[in-house]
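To start, the structure itself, in structure tokens.
The values are calculated or read from the model by the stated rules, or taken from the named source; none is laboratory data. This structure is a prediction, so every number in the text was calculated from the model and none was measured. We place every Cβ from the backbone using ideal geometry, glycine too, and count neighbours over all the protein chains shown.
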Amino acid sequence: ASDIFDLAGMTFNINSPKQLGNVLFEELKLPKSKTNASGGYSTSVDVLEKLKMYPIVDKILYYRTVSKLYSTYAQGLLSAISSDGRIHSKFKQTVTATGRISSTDPNLQNIPIRTEIGRKIRKAFIPEEGFTIVSGDYSQIELRILAHIAQDKNMIKAFLDNEDIHTSTAAKVFSIPLQEVTKEQRYAAKAVNFGIIYGISDYSLSQDINVSVKNAGKYIKDYLEHYSGVKEYMERIVKTAIENGYVKTIYGRRRYLPELSSPKHSVREFGKRVALNAPIQGSAADIMKIAMIKVYNELKTKKLKSRLILQVHDELVIETSIDEIEEVKSILLHNMRDSFELSVPLEIDLSQQNSLLKG
DNA sequence: ATTCTCACG
DNA sequence: ACGTACGTGAGAATA
Ligand SMILES: [Mg+2]
């Protein structure tokens, strides 16, 4: 923090977006871009990432990471520990619009994993004596569901051939052999794959991966030419959403979309993106819920000591008695894999470790 | 109570 | 011309 004050030539509250915005964009005259809802300067990561070349910005990003981890997790979770030494979250079944569950008091579905410091926090979640942590998580479940719902021939083939979907996508979009795909190309293809599920635009993709809007537009165009079934699905789902006023998952769960008849263009566009995303995210949630119930029941029927302790949207975590590891792995594997039969296989990654942190 | 930001999938 | 990626929950600042 003192480095930041030195570089700014003044003292201020770094946690105040308003004060920070004024320091960066008024005092230091850095190039400003986005404004937030109340007309102030945005100081969010995506803005600051593009200003990283300024040493003060780089330090602010680090400060943000550390203070988030400290306040929400190091400090926040400490006060959530019960007298039994464990943290008991509440899982809400009727909150989300897509069919996912959510977790509160505290939220255990957003335990850090992406940064080094974050992983140290995750590592603090450990099993009881005599137990270990066994997890199963779906590999690329949302893209597999997209391939299935859209019945896209090329995407289905890529999954049936057990290819790395991002590398495979890169090869096709850039018209090169699989072996020649570079890291950068795979990264771009991955961003497009994710973006498609959210109803991407060329502008947003360009912002996300730092390429020109024109290039981003070309990636999307080439993508949809190769995955033409996905393109047709995107058009079809929006059309049926407008006709019916709702979309549905593979199990028939509906999401109503009043946004589609809004007089405001931006709200209608949002409705279209949701029409595209909700069946995918919601179907994944359906598949997970079915698997979860089967796993729970099998643990119970077999009178195992191991217990299901956490669900994180595409992952189940079981605190496993050390004499039940192989049995629990098998229970996770078959119940998750066979939860629902898609046009592509469902692949499960199994892991076992002595904390919530893998590896 | 609301806004902004950021942790996760 | 428009405006710009889906779903959550929580902490700090601000009003
Ligand atoms: Mg996964």
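If you filter the stretch A:109-132 down to residues that are within 16 Å of the ligand (Cβ to nearest atom) and in contact (Cβ under 8 Å) with a residue 12 or more places away in the chain, you find that the one that is surrounded by the most Cβ atoms within 10 Å (Cβ to Cβ) is A:I111.
Mind checking which residues of the stretch A:17-74 are of a type in the set (G, A, S) and more than 7 Å from DNA strand B (Cβ to nearest atom)?
The first filter runs over the stretch A:17-74 and keeps only residues of a type in the set (G, A, S), leaving A:21, A:33, A:37-40, A:42, A:44, A:67, A:71, A:74.
A:S33, A:G39, A:S67, A:S71, A:A74, listed by residue number.
Residues of the stretch A:135-155 being near the ligand (Cβ under 9 Å from one of its atoms) and either among the acidic types (D, E) or on the phi < 0 side of the Ramachandran plot (or both), which ones?
Taking the stretch A:135-155 as the starting set, the residues that turn out to be near the ligand (Cβ under 9 Å from one of its atoms) are A:137-141.
Within the stretch A:135-155, A:D137, A:Y138, A:S139, A:I141 meet the criteria.
Among the residues making up the stretch A:180-234, a single one is of a type in the set (S, T, Y), more than 22 Å from A:A278 (Cβ to Cβ) and in contact with a Leu (Cβ under 9 Å, 6 or more places away or on another chain): A:Y219.
Comparison of A:L350, A:L332 shows that the only residue that is surrounded by fewer than 17 Cβ atoms within 10 Å (Cβ to Cβ), within 16 Å of DNA strand B (Cβ to nearest atom) and within 24 Å of A:I145 (Cβ to Cβ) is A:L350. If I filter the stretch A:164-171 for residues that are within 16 Å of DNA strand B (Cβ to nearest atom), buried (at least 17 other Cβ atoms within 10 Å of the Cβ) and of a type in the set (A, V, I, L, M, F, W, C), do I get at least one hit? Yes: one or more hits.
Which of the residues spanning the stretch A:122-134 are part of a loop (DSSP other than H, G, I, E, B) and farther than 22 Å from A:N335 by Cβ?
Here is the first cut: in the stretch A:122-134, the ones part of a loop (DSSP other than H, G, I, E, B) are A:123-130.
Across the stretch A:122-134, the qualifying residues are A:K123, A:A124, A:F125, A:I126, A:E128, A:E129, A:G130.
Scoring A:D84 on the criteria (1) exposed (fewer than 15 other Cβ atoms within 10 Å of the Cβ); (2) more than 10 Å from DNA strand B (Cβ to nearest atom); (3) more than 23 Å from A:Q311 (Cβ to Cβ) leaves a single failure, condition (3).
Does A:I4 qualify as being among the aliphatic types (A, V, I, L, M), under 27 Å from A:S204 (Cβ atoms) and not in a loop (DSSP other than H, G, I, E, B)? Talk me through it step by step, then tell me what you get.
On the way: among the aliphatic types (A, V, I, L, M): yes; under 27 Å from A:S204 (Cβ atoms): no; not in a loop (DSSP other than H, G, I, E, B): yes.
Against the criterion (among the aliphatic types (A, V, I, L, M), under 27 Å from A:S204 (Cβ atoms) and not in a loop (DSSP other than H, G, I, E, B)), A:I4 does not qualify.
Among all positions in the stretch A:7-17, there is at least one residue which is surrounded by 15 or more Cβ atoms within 10 Å (Cβ to Cβ), assigned to a loop (DSSP other than H, G, I, E, B), modelled with pLDDT of 95 or more and aliphatic (A, V, I, L, M). Looking at the stretch A:135-158, which of the residues that are over 21 Å from the mean Cα position of the chain (by Cα) and outside any helix (DSSP H, G or I) is surrounded by the fewest Cβ atoms within 10 Å (Cβ to Cβ)? Applying the filter and picking the extreme gives A:Q151. Out of A:R236, A:R253, one residue alone is in contact with a helix residue (DSSP H, G or I) (Cβ under 7 Å, 6 or more places away or on another chain) and away from the ligand (no atom under 16 Å from the Cβ). It is A:R253.
Please work out which residue is nearest to the chain's Cα centre (by Cα), limiting yourself to the stretch A:27-64 and to residues that are of a type in the set (A, V, I, L, M, F, W, C) and in a helix (DSSP H, G or I). Before the answer, list the steps.
Step one: list which residues in the stretch A:27-64 are of a type in the set (A, V, I, L, M, F, W, C), which gives A:28, A:30, A:37, A:45, A:47-48, A:51, A:53, A:56-57, A:60-61.
Next cut, in a helix (DSSP H, G or I) only: A:45, A:47-48, A:56-57, A:60-61.
On the way: A:V45: 17, A:V47: 20, A:L48: 21, A:I56: 29, A:V57: 26, A:I60: 24, A:L61: 21 Å.
If we take residues in the stretch A:27-64 being of a type in the set (A, V, I, L, M, F, W, C) and in a helix (DSSP H, G or I), then A:V45 is nearest to the chain's Cα centre (by Cα).
Taking the residues in the stretch A:159-196 that are among the charged types (D, E, K, R) and assigned to a loop (DSSP other than H, G, I, E, B) as candidates, determine which candidate is farthest from A:V211 (Cα to Cα). I'd like the intermediate steps shown before the answer.
Taking the stretch A:159-196 and keeping what is among the charged types (D, E, K, R), we get A:161, A:163-164, A:172, A:180, A:183-184, A:186, A:190.
The next check asks that each one be assigned to a loop (DSSP other than H, G, I, E, B); those that pass are A:161, A:163-164.
Details: A:D161: 31, A:E163: 26, A:D164: 23 Å.
Per the criteria, the residue is A:D161.
Given the structure, is A:F194 over 21 Å from A:E142 (Cβ atoms) and not assigned by TED's automatic domain parsing to the domain that holds A:E347? When the stated conditions are applied, A:F194 does not pass them.
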